[in-house]
Amino acid sequence: MTVTAGPAVEGADGRRTGPARAVVTGVGVVAPNGIGTAEFWAATLAARSGIGLLQRFDASAYPVCVGGEVLDFDDAALLSQRLLPQTDRMTRYALAAADWALADAGLDPAGLGEYDLGVLTAGACGGFEFGQRELQKLWGTGPERVSSYQSFAWFYAVNTGQISIRHGLRGHTSVFVSEQAGALDAAADTARLLRTGTLRAALTGGFDAPLCPWGLVVQLPGGLLSTSRDPERAYLPFDADAAGYAAGEGGALLVVEREDTALRRNAAGIYGRIAGHASTFDPRPGSGRPPALAGAIRGALREARTDPADIDVVFADALGVPDRDREEAAALAEVFGPAAVPVTAPKTLTGRLYAGGAALDMATALLSMRDSVIPPTAGTRAPAPGPGIDLVLGEPRETPVRNALVVARGAGGFNSAIVLSRYVRSPHHRAVTRPA
Amino acid sequence: MGGDAERRAVITGIGVRAPGGVGTEAFWRLLVSGRTATRTMSLIDPAPFRSRVAAEIDFDPAAEGLSPEQAATYDRATQLALAATREAVASSGLDTGRQDPARVGVSIGTAVGCTASLDQDYQRVSDFGSHWLVDHTATVAQVFDYFVPSSIGRDVAWEAGAEGPVTVISTGCTSGLDAVGYGAGLVRDGRADVVVCGATDAPISPITVACFDAIKATSANNGDPAHASRPFDRNRDGFVLGEGAAVFVIEELAAAYRRGARVYAEVRGFATRSNAYHMTGLTRHGREMAEAIRAAMRQARRDGADLDYINAHGSGTRQNDRHETAAFKRSLGRRAYEVPVSSIKSMIGHSLGAIGSLELAACALAIEYGVIPPTANYEEPDPECDLDYVPNTAREQRVDTVLSVGSGFGGFQSAAVLCRPPAKAVAP
């Protein structure tokens, strides 16, 4: 976000400085292997998986019967009776995560100006289970039975709208739809809006929850879901036995603020900052040209002014489909050199969460940075032949993480990459001190 | 921003598929005529529904150059977007084969994506709602593309040869403004040199008609479909569901002039705010839309005195029209009473996410031709809506600066400012 020079920021000591930096001060997670950041992070480091045989409905007759469900989410305890009938599962997750992320940041929206806070989420497929239920009413009974909430509970913008209402966030709001890649684009746009002064803080991230009968069925013709009936063998990215992925549900939200805003209110902690981003699109089939993923990674590094050698971990997209894994490994080898950077895919413990996946990867990368530990890739044992990558397997790898690269690819050709960097206070902010 | 390095985003190509005729010219002819393209719903059987009027396109995929396979398998929203993209690229005169594809981006808005195709798929797999555990053997091969509406962005990217940033923006009924605002931002920030942006929706499907029936948002003026969309009129009773797509080629100003492009308008200002009030309800005060208007005008470095025309959201619901009238007064003060305001939804209905881009197309053409399209079906003033709504007859007038606004379910309030492009002589 070196390209857009925003308005100069007045540092705490009164000097005018460069454009504001975007720092992450809060994280909220709902994932198949943990509800809440602490539970999720502990499960991720212990390689406890949330992928299992689907339990919410009887999937035994379908060719795919494994997925990452969020099974212990207590809707009634977390949300009001008024909200339950008007929300799909994925919106309930998003609302809980928004509460937790704001609490984690210690950010009271009322403490900022009326239009200073925004919401930028990603969504891939909308409130699909809600949609199936209303379609069943429409076709099974008649249009007069369709819920008065259907007009918004299914549509892609619902989470941004509901979060905005719940917390009174009246600034810039948006919704990015690019399958798995949208959450990185949303986070990057958030950083730009902070930098240019349009916003001072925002919630950004993504949630999806398409694990209902019809939500599973519409994913089958693509042929990318693993048909393995063994949850431990259903998602093995970069493995010689890779044969598709397991779908999951959930996601994450981050509170992102301008550095000056966070310091002025003595934010309890800063996880890291959004340093650079780029997105590209693959050439159309038949062009004979290679995919554009390496270009997105290079663009993100350039914007972050970070050398490949300074990236300490890559959170891979890791589709689990052999030729796509080879493409990703080749792009990483092209930018970083063969096996030159640790690569991991903790999403092997959750399944692919659509718009929630890259959001959760950003949260995981920030936790990795905080605790100087890289969580492992589960399941994968025997790396597939091809461009070598240093895949973190088995145990977590303890190592300082200064800069993390998160890669996300969306079906059809979307590539997005973001660099998250450890937070070091800008020199011009040294006058601000935190309470002892 | 500022100084020599400032990049400016201009519209050099326009493609439109709207009710009332194929292409940008037919669209503009309809708007200046004041005729309406609303009629009794024919794309689906209207009998079971409360609202049975719609603004439909007589769309012929074969005549549009779509293959039989594309016609059979692409959702109608995708087909409309592709047709509009082709027209936009052709009208820009841009040789996409000579552009660096990495510098070409896409930003497409849609509110409901491929819902119509999903609805049809659901009917097959559930045997018309008879079982919850739907039959996976009955689904169609392309259903994943309907499931993730990002497929529309993919198809437009392939059509335009874009390999830079590509995204779909889905912010309900402001999608068409927000996608263009985002696309213009890509050009201004230098993340792309050319952006194909706009919006599409083809929502005339049973589930979407039913969901608006359920909250009585759509007009039930079934006896008089041609006059059912009545923005700002005292007797308005809801919006008329429409469909359409509008796509623009947006380029950096200096590059556009260097290649001798026809420049329609500059996208000078864009802002969006949220009302944080209700998923479908609007306040009476319009404070957040007023703030979006002020922010967009500030970015455009224009004030109320510069405004020649306001293209209103003007959906024709009771609450919308008074909400935005209040927002215009709040943001522009006395000037709100002097600037012509009109709603083209009176003629082409409300195509949800697409309409914001269709309205921007109307704004660009108003600048180009010096004509302000009217608000059709305006007969009886509403005391709460007391501005100059350009009733029924187009007005010839030089137009240099236009404001276009939108409101969407979810609380989205967006505003964009288009301006007459600067004379070539001042371009670097």
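We did not get these values from a lab; they are worked out from the coordinates using the rules stated. As the structure is a prediction and not an experimental result, all values here were calculated from the model. Please note: Cβ atoms are built from the backbone with ideal geometry, for glycine as well, and neighbour counts cover all protein chains shown.
For the range A:96-191, the fraction of C-alpha pairs farther apart than 24 angstrom is 33 percent.
Would you please calculate the Kirkwood hydrodynamic radius of the range B:210-270 over all C-alpha pairs and express it in Å, rounded to one decimal? Numbers along the way, then the final one.
Working: mean 1/r = 0.0646 Å⁻¹.
Hydrodynamic radius (Kirkwood, Cα only) of the range B:210-270 equals 15.5 Å.
Placing a label point 7 Å from the Cα of residue B:262 along the Cα-to-Cβ direction, the residues of the range B:352-390 whose backbone N falls under 12 Å from that point are B:365, B:368-369.
The relative contact order of the range A:276-425 comes to 33 percent, based on Cα pairs under 8 Å that sit 6 or more residues apart. The Rg/Rh ratio of chain A, with Rg taken over Cα atoms and Rh as the Kirkwood radius over Cα pairs, comes to 0.96.
Counting residues in the range A:46-86 as N, plug N into 2.2 N^0.38 Å and put the Cα Rg over that result.
Working: Rg = 14.1 Å, N = 41, 2.2 N^0.38 = 9.0 Å.
It is 1.56.
Go from 0 up to the bin containing the longest alpha carbon distance in the range A:123-249, width 5 Å each, and give me the % of pairs per bin. Result, from short to long distances: 2, 9, 14, 16, 15, 14, 12, 10, 6, 2, 0 percent.
On the beta carbon distance between residue B:90 and residue B:222, with R0 = 51 Å, the FRET formula returns roughly 0.85. Take each residue of peptide B:151-163, count the partner chain Cβ atoms within 10 Å of its Cβ, and average: the result is 5. Given R0 = 60 Å, the distance between the Cβ atoms of residue A:307 and residue B:120 translates into a calculated FRET efficiency of 0.70.
Each of residue A:268 and residue B:100 was given a label point 7 Å from its Cα along the Cα-to-Cβ line. The distance between the two points is 4.6 nm. Over chain A, Cα pairs under 8 Å with separation of 6+ residues give a relative contact order of 23 percent.
Computed on the Cα trace of the range A:276-425, the radius of gyration divided by the Kirkwood hydrodynamic radius gives Rg/Rh = 0.93.
Cα-based Rg of the range B:1-129 per 2.2 N^0.38 Å, rounded to two decimals?
Here the Cα radius of gyration is 1.35 times the empirical estimate.
Let me check against my output: what whole-number percent is the relative contact order of chain B, with C-alpha pairs under 8 Å and at least 6 apart? Before the final figure, lay out the partial values.
On the way: 1143 pairs, mean separation 100.8, N = 428.
Rounded, it is 24 percent for chain B.
Between residue B:128 and residue A:75, the modelled labels are 2.9 nm apart [label points 7 Å from Cα along Cα→Cβ]. In units of the rule-of-thumb radius 2.2 N^0.38 Å, the range B:45-191 shows an alpha carbon radius of gyration of 1.20. Size check on the protein assembly as shown: the Cα extents along the three principal axes, sorted descending, read 74, 68, 54 Å. Entry for the range A:20-264 at q = 0.07 Å⁻¹: log10 I(q)/I(0) = -0.25, Debye formula applied to identical alpha-carbon scatterers, no solvent contribution. Per residue, the convex hull spanned by the Cα atoms of chain B measures out at 131 cubic angstrom.
Counting only the backbone N, which residues of the range B:81-115 are under 17 Å from the spot 7 Å out from the Cα of residue B:254 toward its beta-carbon? Inside the label zone: nothing. Both radii were evaluated on the Cα set of the range B:243-365; the Rg over Rh quotient, with Rh as the Kirkwood radius, amounts to 0.98.
Could you please rank B:338, A:257, placing first whichever residue has the fewest other Cβ atoms within 10 Å of its Cβ?
Working: B:338 12, A:257 32.
Ascending number of Cβ neighbours within 10 Å: B:338, A:257.
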